[in-house]
Every structure is written in C-alpha cells, then in structure tokens.
Amino acid sequence: MDYEVKHEGAFAMLCVELSQGDRVKAESGAMVSMTPTLELKGTTDGGVMRGLGRMLSGESFFFQEITAARGGGQLVLAPKSIGDIRAVELDGSYKLLVQKDGFLAATDGIEVSTKMQNLSRGIFSGEGFFIVEISGRGTVFLSSFGAISEVKLGAGEEIIIDNGHLVAWPGYMEYSIEKSSRGWVSSFKSGEMLVCRFRGEGTVLIQSRNPSGFGSWLRRFIPTSSS
C-alpha cells in the first residue's frame, strides 16, 4: 500500500493507493474523497466497549472502514484540525501512546484502544484518565495541531515537554508529570504550570502549536455581549 502526505505542515492531506482487498480504518469524518471502487462503512472496530473507551480518551466512538472491494483505488483523508500528518511504522514490539485527537488512520493489522493513566497523570496531564493506545503491525497515521517534530533521546537522556505540545511516544518510555518551576506560584506566572519529563531511550513526537494556548489567544478577538 503506497501513500503520500500532501501539503505538509499546516494543511496536510493523506493520499493512499489501495490495491484489491486492501483495507484502511480512519477517524470518523476523515474521508475527503475516494474512487468508486472503494467501499466505506462505519464500525466500532472491536465492539461497544472499545468504542466507549475511545470516547473516554477523546476520540470518536465509530471508525470509518474503507475497503478496496471492487479493485484498486485512491483514498484521500484529512484531519479535523489545521496541522501536519506523520506516518509511524509499528513492528508489533511496542505500543504507541497518542494524545487525544492524534489518531487519523491506520492500515490493517493495527489496533486502536485506550490506556488508563494513574490518578496523578490523569488529573494533571491535561489528557484525562484515558489516552489512546495503538498496537500491532502496520502503519499508523497521526495528525497534529501545527507541524510535527521528533525529539530523540538516548539512554538516560531527559527532556521536559509542555503537555499541550505532545503528539505521541512509545509506551516503553518513562515519563512523569511535574511543575514547570520549583514553586506553584512561579509555575503559574510562567504560563506553563505542568509539564512532562521524558527519559530515554526513545523518540517523542511533538507539535508546534498548543490547542489550549491557541484557544485562549482566539478568545481575545471574539466579541462578548454585555448584559
């Protein structure tokens, strides 16, 4: 299965060339266009409980399932937000943890479920108690708010990342939630509050924009009615 990411950066689209019998699952509403040889249907992909779990992590209850049922064809997908698309190849040896709204699509053989975080991570991470957990063998396509960059850490190396800029990281990496500064007052003044400390070896994917920060900036320009 061949694919190409067009208009990388802010307005990315994913073009996938399917052969007879190929199948792709995608986030609900992601399909932009497809050739008539492809068939699209809605599915929970794993049943009601798995669908409910995805809802708790911020994803949709249903997936789109696109199959090349009547011959090969082209499928075009796009995420809901303005941003980039990145393909990650999984070999089945580890699970990929993904922020909410980060999953766009995957090839056959990839499973999308949820992972429950511990109490402190669930309260303070900003992602909630459930995050998306992706496993299996195949290609997963992630979407972001802004451009995607890699942060590669060697064994024992550490990096501190604002949780609003996280996209995905391998499940075997160690990470913790902590204050951005030594004291709570200083953390509040910095505008960062809580951050994630990752410890390598591994690669963390980050996005260039913070959805929460963008929302706060945008609200400054929205007129409010006076009572």
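Stretching the chain fully between Val32 and Ala155 yields a gain of 40.1 nm (0.36 nm per residue, less the alpha carbon separation).
The H on the amide N of Ala12, modeled in the peptide plane, is under 5 Å from the matching H of Gly83, each at least 5 residues off or on a different chain. Segment Ser176..Arg137, full-extension length gain: 11.3 nm, with 0.36 nm per residue of separation and the alpha-carbon distance subtracted. Net charge in the neighbourhood of Gly154 (other residues with Cβ under 15 Å of its Cβ; Lys, Arg +1, Asp, Glu -1) is -3.
Label-to-label distance, Asp2 versus Ser19, with points set 7 angstrom from Cα along the beta-carbon direction: 1.2 nm. For Lys41, the aspartates and glutamates whose Cα falls under 16 Å of its own Cα, not counting residues fewer than eight places away in the same chain, are Asp22, Glu27, Glu65, Asp108.
The numbers here are math on the coordinates, done by the rules we state, and not lab data. Model, not experiment: these values are computed from the prediction. Don't worry about glycine lacking a Cβ; one is built from the backbone with ideal geometry, like all the others, and counts go over all protein chains shown.
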